[in-house]
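What follows is a set of notes on a single structure, which appears directly below.
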Amino acid sequence: MARPTVRTISRYLLRQHVAPLGFALAALTSLMLLNQIAKQFGSLVGKGLPWSVILEVFVLSVPFIVAVTLPMAVLVAVLHVFTRLAGDNEITALQASGVSVARVITPVLGGAAVVALLSFLWNDQVLPRSNHRLRTLQVDIQRKKPSFTLKEQVINEVVPGQFFLRAARIDPNSNKLKDVTIYDLGDAERRRIIGADSGRMAYTPGGRDLYLTLEDGDIQAVNRTDPTQFDRTFFRTNRMRVAGIGNTLERTEHDSYKSDREMSICEMRGMVALARREADRAGADADVAVQNDLRRLAGLVLVYPAPPPYVADTAPVGLYCHALRRAAAWLGPKAAAAQTPTPRPFRPHPQPQRPTEHPPFGPARVPPPAAVSQAQSRPTLITPAATVGEEQRRRSAEQRAAMYEVEIQKKYAIAAACIVFALVGAPAALRYYRGGVGLVIGLSVAVFTVYYVGLIGGENLGDRLIVGPFVSMWLPNLICAAVGAIGVWRIRKPGNTR
């Protein structure tokens, strides 16, 4: 049992970190959110979206920002608190009372472990759902307005099969067009080609119709029944209405597709198991291909084994997924069991067996199975690269498994970064406490840059199967933890904090 004095010191140190942690988290999240708003606000407002949808986009952007800024906030809070405590000689007083530096850092690491657990649950449960909703909403927004899907110098199909538009320049913010050519095929009797020097697009309040205001152009019309009839009309200003554009935001209710960043750990473990089964199956097919290639060379019958039946594995993988499954079953409502009538057993009628016909000489001839007959009907050429396709399948399956495994390890590694950053920040602040705010900002930026550059590079190497998933994601943590442990070892004795 810990002594009352030690417990008091631990509570005091943890209370000192609460306010800086909250302030750092709010400040860093706000800065990154403002950067996100600055990049997307102009395009979102230019689409004529309601303010509730724009606000929803930025609210859904907060979870992945918090997932990055939470470990950063831990480092900033630890640096700030320990530089202040060392500057006010409180660390010196604790050491004079017999409290070691390791005993001072231990409760901070315990608090960082609690933050790491919350970060892990946030990254695994909240972040995938918000990423999925954000991606779905962004896809719906991209489909909303034709002016943002139009490409310059390309004939764009505005109304399928009826109305085509080409523009040399398109300004998505103001909906202005330059050097416009329109192909109007809506009239079955005639075809029109409309050219204009410039134009502007606008939409009805309901968002279903498109209005085009064209300036300085001409209209060329050709009668399909009589091609000799050709009309050309010049105009200074021409206003057109194109109905049925569908400029309304249609929200997707159910989107079953999920990327790796939209899945929880349990879902990704299921995908890893599926990819590994596919890789094993490709390896077995490669062995069969080599065997058949040798059989072709020897003039033997080829072998085509039947594929194993697919059985969907819905059992959770790992203790964590088992615990989540049990918690969901305990908290959620129990599924009602539907009562279905028991079907009567089917009894086939006996069929009379025909006597086996024997040939004049020898035993009865057994007809060959379907697999053998198909094998004999195939060409017996020796394949130079019999396993190329199977190797590509195996490689692709291994890359999919590695991609999901890297994402799983990244969730663990980013959560553990809260503990690692606390271990790095405490000895650095105690050693160089005279740095003040400059030390907090400079060391934070340096650690963030090195850590996240290593994380991004490791993710790329892990996805390409160059480095294992665990090493690719945990190497920055291990390096930072080693640096922090060395720092704690160097300041372990009294007087080394100065």
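In segment 279-299, the residues that are more than 15 Å from Glu398 (Cβ to Cβ) reach residues that are buried (at least 16 other Cβ atoms within 10 Å of the Cβ) and hydroxyl-bearing (Ser, Thr, Tyr) with C-beta atoms within less than 8 angstrom, at least six apart or across chains, in these pairs: Ala289/Thr387; Val290/Thr387. Pairs linking a residue in segment 82-99 that is closer than 17 Å to His17 by Cα to a residue that is surrounded by 11 or more Cβ atoms within 10 Å (Cβ to Cβ) and of a type in the set (Lys, Arg), with Cβ atoms under 6 Å and 6 or more positions apart or on different chains, do not occur. In segment 171-210, of all residues being within 38 Å of the chain's Cα centre (by Cα) and within 25 Å of Arg232 (Cβ to Cβ), the one that is modelled with the lowest pLDDT corresponds to Leu210. Could you tell me whether segment 445-461 includes any residue that is hydroxyl-bearing (Ser, Thr, Tyr), surrounded by fewer than 21 Cβ atoms within 10 Å (Cβ to Cβ) and not in a helix (DSSP H, G or I)? The answer is no, given that none of the residues of segment 445-461 is hydroxyl-bearing (Ser, Thr, Tyr), surrounded by fewer than 21 Cβ atoms within 10 Å (Cβ to Cβ) and not in a helix (DSSP H, G or I). Of all residues in segment 60-71, none satisfies being more than 23 Å from the chain's Cα centre (by Cα) and either among the small types (Gly, Ala, Ser) or not assigned by TED's automatic domain parsing to the domain that holds Leu423 (or both).
There is at least one residue in segment 115-132 that is crowded, with 18+ Cβ neighbours inside 10 Å, under 18 Å from Arg15 (Cα atoms) and hydrophobic (A, V, I, L, M, F, W, C). In segment 68-85 there is at least one residue that is under 22 Å from Ala429 (Cα atoms), in a helix (DSSP H, G or I) and either among the hydroxyl-bearing types (Ser, Thr, Tyr) or modelled with pLDDT under 85 (or both).
Within segment 126-134, the presence of at least one residue that is assigned by TED's automatic domain parsing to the domain that holds Val78, part of a helix (DSSP H, G or I), modelled with pLDDT of 85 or more and under 18 Å from Leu49 (Cβ atoms) is confirmed.
The values are calculated or read from the model by the stated rules, or taken from the named source; none is laboratory data. This one's a predicted model, so the numbers in the text were calculated from it and none came from an experiment. Positions of Cβ are backbone-derived with ideal geometry, glycine not excepted, and every protein chain shown enters the neighbour counts.
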